[in-house]
Structure formats: structure tokens, C-alpha cells
1. Can you confirm whether Asn50 is under 23 Å from Gly292 (Cβ atoms), part of a loop (DSSP other than H, G, I, E, B) and modelled with pLDDT of 95 or more?
2. For region 224-250, how many residues are buried (at least 21 other Cβ atoms within 10 Å of the Cβ) and away from ligand 2 (no atom under 16 Å from the Cβ)?
3. Which residue is nearest to ligand 2 (Cβ to nearest atom), if the candidates are limited to region 182-196 and must be outside any helix (DSSP H, G or I) and open to solvent by 10 Å² or more (accessible area, probe 1.4 Å)?
4. Which number in (1) more than 15 Å from ligand 2 (Cβ to nearest atom); (2) surrounded by 18 or more Cβ atoms within 10 Å (Cβ to Cβ) marks the one condition that Pro166 misses?
5. May I ask you to list the residues in region 26-46 that are within 16 Å of ligand 2 (Cβ to nearest atom) and open to solvent by 20 Å² or more (accessible area, probe 1.4 Å)?
6. Under 9 Å between Cβ atoms, which residue pairs at least 6 apart in sequence (or on different chains) link something in region 273-291 that is in a helix (DSSP H, G or I) and modelled with pLDDT of 95 or more with a partner that is of a type in the set (Lys, Arg) and open to solvent by less than 50 Å² (accessible area, probe 1.4 Å)?
7. Can you confirm whether Cys100 is away from ligand 1 (no atom under 16 Å from the Cβ), at pLDDT 95 or above and among the hydrophobic types (A, V, I, L, M, F, W, C)?
8. Can you tell me which residues in region 101-115 are of a type in the set (A, V, I, L, M, F, W, C), under 17 Å from Glu301 (Cβ atoms) and surrounded by 16 or more Cβ atoms within 10 Å (Cβ to Cβ)?
Amino acid sequence: MIQAKAYAAQSPTTDLAPWDFERRAIGPHDVQINIAYCGVCHSDLHQIKNDWFPGIFPMVPGHEIVGTITKTGSHVKKFTEGQLAGVGCMVDSCRECENCKADLEQYCEKGSIGTYNGRGKDGLPTYGGYSNNIVVHEDFALHISEKLSLAAVAPLLCAGITTYSPLKYWKVGKGHKLAVLGLGGLGHMAVKFAVAFGAEVTVLSTSANKEEAAKALGAHHFVVTKDAAQVATVKSNFDFILDTVSAAHDMNMYVSLLKTNGVHICVGAPSTPHSINVFGLLGGRKSVAGSGIGGIAETQEMLDYCAEHNIVSDIEVIAIKDITASYARMEKGDVRYRFVIDMATL
Ligand code: NAP
Ligand code: ZN
């Protein structure tokens, strides 16, 4: 077994605190990664609070992991010791179903295995990246370019791929008007990618004070969604809305901002169901869709795209002891735009 140090939540109502545990010994196809940085995703907060479903405790969150390979199993071909590597939201899948075979492991029919708050094929709980190391099958580890700031690459492993994948799937680009709803960790990456792909990008935000920063990210327009007069200027305006909002919100109002045939793509995952008036959809052949992270091949494609185009996340590096305070700031939308934990502070 491999000794690991981490910050864990012992229950949905306790703050994260130091916790020592053991990870599985390295199998022939496993790599061990010494974790340098881990991004802080709103999904971490949802899961330690049992927002979505009863979690597995103790829980070590973290699925935006970057670091250095320190050991490789005897059959590992993809990595050598000393190389940079990343791990995102999944650490395994059935590998046999139609979706797994189509490089869509995130939609594995048997359920992909989460990096934390899941159970591995050995039946044991998985533990995430708020930790000094991780052991993972080489197929679910990603290559990371040496060219970019390692801390700023970490959020690409979830916030990056979760926004890249739907933009690619719906072929968002030149000639499209896209609204990014919510300017947080996912939202700011959505702006960067959509601008890079040539779309005309509007940020729809509840925070009037984010306008300047949104434009600095490349957004062409900014609409404060609490201001009815501003919202009225973008009625029936968008081909796509990429919805990254983490809390309940009025879908019917946003759907009214789509053009005929427009698509409202949900990536944000509030804990309560949306209520949608079907007349708002059939009156313009509109769709509401969802998209979950991305497959391993597409995640590598996104990381390579970012290395080529010099795209990283805008981050605030924190010490792990400040995680609870950082969650409180994230809940208030007070993060520009991703906290990343420096794991040397563990
Ligand atoms: P985040 O950094 O906290 O950003 C969420 C943003 O949503 C906030 O900055 C805020 O932006 C807006 N917002 C928050 N509460 C709102 C409300 N009540 N009404 C309207 N807007 C509100 O969170 P994140 O890490 O980007 O994650 C966003 C969501 O995506 C979470 O639910 C997360 O679990 C989910 N997620 C899904 C996937 C997937 O595979 N689909 C992957 C990762 C994360 P403004 O200040 O601009 O309004
Ligand atoms: Zn995430």
C-alpha cells in the first residue's frame, strides 16, 4: 500500500481537515503521481455537502490534479518517471460498452468511476486530489505540456474539458452568438474557448462588477441578468447558451433569450431540478441539453489545444489550510476564477 496525506471531510457537516490514509499499491498498468496542484471545483463543494446524493465519507475531494510521475507499473507504456501528468474527474470505466468504445468514457453505461466519492473496480472508495499523491491506471492519466504554468493548467482537467467538449460537439464558432451563463470557474474557461473558436460571446452574469474582467477575458458583450432592461436587449438573440450556474435559476427566462432552433446547454449542476415551460421551447423549436466533462481522448485534445494556443485558467493559488474560507468565497461568486491548492502546503 502507499501512504497518503490529504484533507478530508469526515461527514457532510464537518470542515475539511488533515487525514492520513492508504492508496492501493501500484498495479502493472498504474502510475503514481506526486500531486503539485489541485483545482477547487464547485462540484467538490456539492459533493462534500451531499447536495447531489449521499457521499462516501471520509471524502477527499479534488479532480483537477496535476503533478509529476514518481513511479510506473511494470507494463506502463504511456508515461515515464519524471514526466508531468494530470488526472481529471474519472479514474476508470467499464471500457466495454458502446460509449467507452467511442471514447465517451464519461457516459459509460455502467457509470464511469469518479476520481473521488466513487468506488474502484476493487470495491474500495476512491480519494481525490487534495492529497500529496494519487495512484491511477495509465489510461486515465493525461499528458501535460511543460510550456504552461502548471498551477494554471490544473483547472483545465475539469473546468476546461467541461466547457470545451460541448462547444466542440455543437460546433460553436464563427457566425454563432453564444451566451455564457455564470462567470465562475467553468464560465471563464467557456469564454476563453468560445472566443478562440470565433464565436460572438456574451456573458450573462448576476454580478455587475464582473463586466470589465469578462471583457478582459475576450467577451464581446456583458449583460447583468438582474437588470430587466439589459436582459430585454438580448431577447431571442443567442444560438447557444452555455449554462454553468451552480444554483437554482429561472430557465424559462434564459430560454427566451434563444433564437429559433437555439440550444440551452446545461453543464452547471444545481441540486434541485429545473422547471421548464414547454411552450417556451415549442414556440421556437428550442432545445435544452446537457453535457458532462469529456472523454479521455478529448481531454488530451483540449490540453494539447491549450498548450498550442497558450490557454490556461485564471487562478488564485491558496494554501490547503484556507480551503474552508475559499469554499465560502466560491459560494458567494467571489473567485477570479478558480482557486488552486498548492499541495506543497499540505
Ligand atoms: P463557480 O466557480 O462557483 O461558478 C458558478 C457561477 O454561477 C458563479 O460564479 C456565478 O456567476 C453563477 N451563479 C451562482 N449562483 C447563481 C444563481 N443563484 N443564479 C445565477 N447565477 C449564479 O462554479 P464552477 O466550478 O464553475 O461550477 C459550476 C457548476 O458546474 C457547478 O454546479 C458544478 O458542480 C458544475 N460542474 C459540472 C460539470 C459537468 O460535467 N457538467 C463539471 C464540473 C462542474 P455570476 O457571478 O457571473 O453570476
Ligand atoms: Zn469539477
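The values are calculated or read from the model by the stated rules, or taken from the named source; none is laboratory data. Since the structure is predicted, the reported quantities are computational estimates derived from the model, not experimental observations. Neighbour counts run over all protein chains shown; Cβ positions are idealised from the backbone, glycine included. Protein only, heavy atoms only, side chains kept; ligands, DNA and RNA dropped before computing areas. Shrake-Rupley method; radii C 1.70, N 1.55, O 1.52, S 1.80 Å.
1. yes
2. Total satisfying the criteria: 4.
3. Gly184
4. (1)
5. Within region 26-46, Tyr37, His42, Ser43 meet the criteria.
6. Once the first residue is in a helix (DSSP H, G or I) and modelled with pLDDT of 95 or more and sits in region 273-291, its partners that are of a type in the set (Lys, Arg) and open to solvent by less than 50 Å² (accessible area, probe 1.4 Å) give Gly280/Lys286.
7. Here the answer is yes, as Cys100 does meet what is asked.
8. The one that is of a type in the set (A, V, I, L, M, F, W, C), under 17 Å from Glu301 (Cβ atoms) and surrounded by 16 or more Cβ atoms within 10 Å (Cβ to Cβ): Leu104.
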